[in-house]
Amino acid sequence: MRDDIARLKGDKTERKGAIFDVDGTLLDSMPIWMEAGARYLESLGKVPEEYLGERLFAMTMTEAAAYLNDTYGLQKEIPEIIEEVNAIVEKFYFEEAPLKPGAIELLNWMRDSGMKIAVATSSDYPLIEAAFKRLGIFEYFTEILTCSQVGVGKEKPLIYEKAALAMDTAPENTCVVEDALHALLTAKKAGFFTIGVYDEASAGNQKELQKNADLYGENFYEILKKLRERS
């Protein structure tokens, strides 16, 4: 793998590529992770407490399931609750998850410009595949890589390096589009051109994201405008 990365870094090709995060970047999907617990309780005829999403967001799935079971007297096994909550999240991706405003315009511009496009996501592949096929963008991507597939999260650059290899693009000719500060910093340190995009779920880190990104925009329309000006 390292030999392949070294080969790409030494390649003088001008072929350009883009690697997109999904949740909070291409898809406006972060709200489901705040709403899943409430949706689940409502499906059982329970009234969720105010700010339940914020409380559960800081927990593991097991901890959250135990909290729901104990607090709302569900009298279920923890694995059963996890499975049922996951089904609600899956349904959201299969039926509801929308593209961020301007995403299709940016993807079209990149494709029409001859750029290759890939995905690097922490979400499960079947969810992303279902959402992308429903939204008509699945065919835009040379590769869709998940952190579980590569065996490491975005605290290390492996997922971005593998995506660049799949596109046969050098890191310096490849932009990584992220809404999360830690992921953007990982890509930046690995030599990728970084693009930061605003998402409400990551609002607390936006100043640092804007400071560290090579290019930043409040939305994809703004990013597309800046990219056109650079080209």
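Overview of values
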| quantity | calculated |
| --- | --- |
| Gyration tensor (alpha-carbon) shape descriptor, the range 176-231, a/c threshold 1.5 | oblate |
| Evaluated at q = 0.16, 0.23 Å⁻¹: base-10 log I(q)/I(0), Debye formula over Cα of the range 135-231 | -0.72, -1.33 |
| Cross-link pairs 162/189; 154/225; 162/226; 16/133; 116/226 - those with Cα-Cα distance over 21 Å | 154/225; 162/226; 16/133 |
| Nearest-20 debye value, the chain charge dipole, Cβ charges on Lys, Arg, Asp, Glu | 1100 debye |
| Equivalent ellipsoid dimensions for the range 7-99 as semi-axes, Å, which come from the Cα gyration tensor, largest first | 37, 14, 12 |
| Residue 42 versus residue 139: modelled label distance in nm, points set 7 Å from Cα along the beta carbon direction | 3.6 nm |
| Debye-sum result for the range 85-125 in log10 I(q)/I(0), which assumes one identical scatterer on each alpha carbon, at q = 0.23, 0.27, 0.30, 0.33 Å⁻¹ | -0.90, -0.99, -1.04, -1.08 |
| For the chain, share of DSSP beta bridges that run antiparallel, in % to the nearest 5 | 5 percent |
| Approximate shape of the range 54-171 as ellipsoid semi-axes (Cα gyration tensor, √5λ), whole Å, largest first | 34, 18, 11 |
| Computed [θ] at 222 nm, deg cm²/dmol, the chain (DSSP H ≥ 4; -39,500 (n - 2.57); rounded to nearest 500) | -15500 deg cm²/dmol |
| Over the range 141-187: Kirkwood hydrodynamic radius from C-alpha pairwise inverse distances, Å | 11.0 Å |
| Modelled FRET efficiency - R0 22 Å, residue 210 with residue 182, Cβ distances, 0.05 increments | 0.90 |
| Apportionment of accessible area to carbon and sulfur, the chain, percent (1.4 Å) | 49 percent |
| Nearest-0.05 FRET efficiency for residue 148 and residue 228, computed from C-beta distance (R0 41 Å) | 0.70 |
| Area projected by the alpha carbon convex hull of the chain, averaged over all directions, nm² | 12.9 nm² |
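The values are calculated or read from the model by the stated rules, or taken from the named source; none is laboratory data. None of the values given here were measured: they were computed from a predicted structure. Neighbour counts are summed over all protein chains in view; Cβ atoms, including those assigned to glycine, are modelled from backbone coordinates with ideal geometry. Note: accessible area is taken over every heavy atom of the protein model, side chains too, but ligands, DNA and RNA are not part of it. Shrake-Rupley method; radii C 1.70, N 1.55, O 1.52, S 1.80 Å.
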